[in-house]
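S.K.: Sending over a structure as structure tokens; questions will come in a sec.
Every number here is computed from the coordinates shown, using simple stated rules; none is lab data. Not measured: the values here are computed from a predicted model. Cβ coordinates were reconstructed from backbone atoms using ideal geometry, including for glycine residues, and neighbour counts include every protein chain displayed.
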Amino acid sequence: MSKPVIATATLAGCFGCHMSLLDIDEKILDLIELVEFNKSPIDDIKNFTKKCDIGLIEGGCCNSENVHVLKDFRKNCNILISFGECAIMGGLPAYRNPIPIKECLEEAYLNGPSVKGHNESGIIPNDEEIPMMLDKVYPCHEIVKIDYFLPGCPPSAELIWNALTALITGNEMELSYEIIKFD
Amino acid sequence: MADIINFTIDGKECVAEKGISILQATQENDIYIPTLCNYEGVKPKGSCRICTIRTNGQFATACTTPVADGMEIENNTEEINDLRKSIIELLFVEGNHFCPACEMSGDCELQALAYRFQMMVPRFTFQFPKRDIDAGNPKILMDCNRCIRCKRCIRAIKDEKGRSVFAFYRRGENIKVHIDPELGSKLTDELAEKSVTICPVGAILPREKGFRIPIGQRKFDHEPIGSEYKH
């Protein structure tokens with residue numbers, strides 16, 4: 001039987017969840033025995049080369065590129081997992097959500113203390129090459145169907161390891177009290 | 001001697017004094033019913049509905065309903081727990097609860113209830129409402145993003161003349177807890193500390209102090225909320 005294939009991505013996140021994945025330490029050698037990695041920042045494969053069994057998504061959707069990547073993952077992964085608070089509820093990037101996008105951009109490019117007086121032509125970048133900002137940061141499950149959620153900021157290495165091994169072996173996962181934390 | 005009555009909760013036979021609430025009666029029988037807007041020593045209000053139980057086919061709040069002789073109460077059932085979980089989820093989506101950045105994370109009752117009911121993600125759409133931060137008081141900071149309008153501060157924090165330091169301001173979805181500027185400016189250290197403690201979430205914070213308890217030693221780091229009860 002061929003190994004299950006895993007893909008991972010960071011959208012509007014800080015890479016902390018991926019760091020936590022690496023925190024499984026020497027168990028990463030066991031993981032490599034168990035699974036094969038496809039599109040992921042860990043192996044730097046940029047595009048899907050085959051259909052994957054499990055997709056891990058870190059970060060929410062703050063721009064059009066995030067939405068594109070997320071939809072691509074949904075299309076290419078049988079099981080999609082939101083891991084970390086940003087993927088689940090927007091996290092730190094979603095602090096901008098109560099503020100209209102126009103005000104955010106004006107603060108960042110026109111009125112903020114570090115730019116005021118230095119952007120004389122009053123330009124807010126809008127080149128079509130730049131991904132379009134969304135009106136707010138969306139949790140992943142509000143864009144595509146997500147099958148499982150691993151909370152935490154970041155989710156502990158133990159939680160990620162337990163979830164992945166449970167999925168791969170088909171065993172039920174044990175959810176001890178201390179393993180689920182939102183911080 | 002007070003009248004003693006008999007009642008059952010999830011089939012378990014219990015006794016209680018006549019006249020007390022279902023919540024008090026179950027607690028005395030070492031049975032946990034989750035609460036959020038309720039606080040010991042403060043008149044119950046029944047506003048958060050987390051303590052919902054079912055008796056005689058009707059849903060009722062355990063904190064405001066008196067226990068009666070022969071009452072059959074449903075508490076820890078799949079249906080009722082899912083109802084409670086949905087309330088917690090509603091509270092999460094209708095405010096801005098960014099746990100990783102909150103000083104009360106680990107000591108927050110809302111978060112602890114979410115852990116207890118294993119909320120992985122709310123089933124409702126996040127609202128991300130615009131809410132204020134009030135830093136006008138010299139002793140406490142109010143972050144309305146986290147306020148769940150439980151009214152615990154309004155009901156419990158009174159000055160020496162019995163006047164409420166906190167009050168509701170506006171109505172409906174725009175309602176917010178407001179500190180009376182005059183009474184707030186005279187807030188004693190003791191009352192300031194009490195208002196921080198009484199807030200179940202991180203909406204009332206002490207000024208000039210932050211992250212006072214290290215991770216690992218916080219109230220709900222190792223044991224779920226309600227662990228002090230046997231059942």
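S.K.: Residue by residue through the range A:125-132, which ³J(HN,Hα) values in whole Hz follow from phi under the Karplus form 6.51 cos²θ - 1.76 cosθ + 1.60 (θ = phi - 60°), with glycine and proline marked x?
M.R.: x, 9, 4, 5, 6, 8, x, 6
S.K.: While we're here: Mind checking the dipole of the range B:85-206: about its Cα centre, +1 per Lys or Arg Cβ, -1 per Asp or Glu Cβ, Debye to the nearest 20?
M.R.: Using Cβ point charges on Lys, Arg, Asp and Glu, the range B:85-206 gives about 500 debye.
S.K.: Evaluate peptide B:120-131: per residue, the Cβ atoms of other protein chains within 10 Å of its Cβ; return the mean as an integer.
M.R.: 5
S.K.: Most mobile of A:LYS116, A:LYS50, A:LYS71 per a Gaussian network model of chain A (Cα springs, under 10 Å)?
M.R.: A:LYS116
S.K.: Return the percentage of antiparallel bridges among DSSP beta bridges fully within the range B:85-206, rounded to the nearest 5 %.
M.R.: Taking every DSSP beta bridge within the range B:85-206, about 100 percent pair in antiparallel fashion.
S.K.: While we're here: Pick from A:PRO139, A:PRO113, A:PRO155: which residue has the top mean-square fluctuation in a GNM of chain A where Cα pairs under 10 Å get a spring?
M.R.: With Cα springs under 10 Å in chain A, the top fluctuation among A:PRO139, A:PRO113, A:PRO155 is at A:PRO113.
S.K.: For chain A, give the magnitude of the charge dipole about the Cα centre (Cβ charges: +1 Lys/Arg, -1 Asp/Glu; no others), in debye to the nearest 20.
M.R.: Using Cβ point charges on Lys, Arg, Asp and Glu, chain A gives about 540 debye.
S.K.: When you take every Cα atom in the protein assembly as shown, what is the radius of gyration, and what is Dmax, the widest Cα pair distance, in Å?
M.R.: 24.5, 84
S.K.: Then there is this: Excluding same-chain residues fewer than 8 positions from B:LYS18, which aspartates and glutamates have a Cα within less than 14 Å of its Cα?
M.R.: Filter leaves B:ASP3, B:GLU28, B:ASP69.
S.K.: By count of other Cβ within 10 Å, fewest leading, how are B:THR125, B:THR197 ordered?
M.R.: Ranked by crowding around the Cβ, least crowded first: B:THR125, B:THR197.
S.K.: When DSSP beta bridges are limited to those with both residues in the protein assembly as shown, what percentage is antiparallel, rounded to the nearest 5?
M.R.: 60 percent
S.K.: In addition: How big is Rg to Rh over chain B, alpha-carbon atoms, Rh as the Kirkwood inverse-mean-distance radius?
M.R.: Answer for chain B: 0.98.
S.K.: Sticking with this structure for a sec: Give a residue-ordered list of calculated ³J(HN,Hα) values for the range B:196-213 (Karplus: 6.51 cos²θ - 1.76 cosθ + 1.60, θ = phi - 60°; whole Hz; x for Gly, Pro).
M.R.: Going residue by residue, I get 5, 5, 6, 6, x, 10, x, 7, 10, 10, x, 7, 6, 9, x, 6, 6, 10 Hz, with x marking Gly and Pro.
S.K.: Which pairs break 20 Å Cα to Cα here: A:LYS51/A:LYS71; B:LYS43/B:LYS158; B:LYS45/B:LYS161; B:LYS158/B:LYS219; B:LYS130/B:LYS194?
M.R.: Beyond 20 Å between Cα atoms: B:LYS45/B:LYS161; B:LYS158/B:LYS219; B:LYS130/B:LYS194.
S.K.: How shielded is A:95-101 by partner chains, expressed as the average number of their Cβ atoms within 10 Å of its Cβ atoms?
M.R.: Per residue, the number of nearby Cβ atoms from other chains is 3 on average.
S.K.: Follow-up. Please turn the phi angles of the range B:39-46 into ³J(HN,Hα) values with the Karplus equation 6.51 cos²θ - 1.76 cosθ + 1.60 (θ = phi - 60°), one per residue in order, whole Hz, x for glycine and proline.
M.R.: Once θ is set to phi - 60°, the couplings for the range B:39-46 become 8, 4, x, 10, 4, x, 10, x Hz.
S.K.: Roughly what % of DSSP beta bridges within chain A run antiparallel, to the nearest 5?
M.R.: Of all bridge pairs located within chain A, approximately 20 percent are antiparallel.
S.K.: What are the radius of gyration and Dmax of the range B:85-206, computed over its Cα atoms and given in Å?
M.R.: In order Rg, Dmax, the Cα atoms of the range B:85-206 give 14.6, 45 Å.
S.K.: Let me ask something else. Calculate the mean, over all residues of peptide A:84-90, of how many other protein chain Cβ atoms lie within 10 angstrom of the residue's Cβ.
M.R.: Average neighbour count from other chains, rounded to a whole number: 4.
S.K.: Using amide H atoms built in the peptide plane, which far-off residues or other-chain residues are under 5 Å from A:ALA7 H to H?
M.R.: Those qualifying (amide H under 5 Å, at least 5 residues apart or on another chain) are A:ASN38, A:ILE54, A:GLY55, A:LEU56.
S.K.: Right, another one. Taking 60 Å as R0, compute the FRET efficiency from the Cβ-Cβ separation of B:ASP134 and B:ASN76 and round it to 0.05.
M.R.: Rounded to the nearest 0.05, the efficiency is 0.95.
S.K.: Taking the mean number of other Cβ atoms within 10 Å as a proxy for protection, how do you rank B:36-45, B:149-158 from highest to lowest?
M.R.: B:149-158, B:36-45
S.K.: Near the amide H of A:ILE45, under 5 Å away, which other amide H atoms are found, from residues 5 or more places off or on another chain, if H is placed in the peptide plane?
M.R.: Close amide H contacts, sequence-distant or interchain: A:SER40.
S.K.: Take B:GLU173, B:GLU74 and order them by how many other Cβ atoms sit within 10 Å, fewest up front.
M.R.: B:GLU173, B:GLU74
S.K.: Efficiency by 1/(1 + (r/R0)^6): what FRET value for B:SER185 and B:LYS12, r their Cβ-Cβ distance, R0 = 51 Å, to the nearest 0.05?
M.R.: 0.50
S.K.: Something else: Semi-axes of the range A:13-58's equivalent ellipsoid from the Cα gyration tensor, sqrt of 5 times each eigenvalue, largest first, rounded to whole Å?
M.R.: Taking √(5λ) for each eigenvalue gives 18, 15, 9 Å, largest first.
S.K.: Can you list the residues, at least 5 places off or on another chain, whose amide H is less than 5 Å from the amide H of A:VAL137, using H built in the peptide plane?
M.R.: Those qualifying (amide H under 5 Å, at least 5 residues apart or on another chain) are A:ASN97.
S.K.: I would also like to ask the following. With the crude spin-label approximation of a point 7 Å out along Cα→Cβ, what separation in nm comes out for A:MET132 versus A:THR49?
M.R.: Going from the A:MET132 label point to the A:THR49 one covers 3.4 nm.
S.K.: Continuing with the same structure: Give the order of B:HIS178, B:HIS97, A:HIS118, A:HIS68 when sorted by the count of other beta carbons within 10 angstrom, beginning with the fewest.
M.R.: With the fewest neighbours first, B:HIS178, B:HIS97, A:HIS118, A:HIS68 line up as A:HIS118, A:HIS68, B:HIS178, B:HIS97.
S.K.: Counting only Cα atoms, I'd like the Rg/Rh figure for chain A, Kirkwood definition for Rh.
M.R.: 1.04
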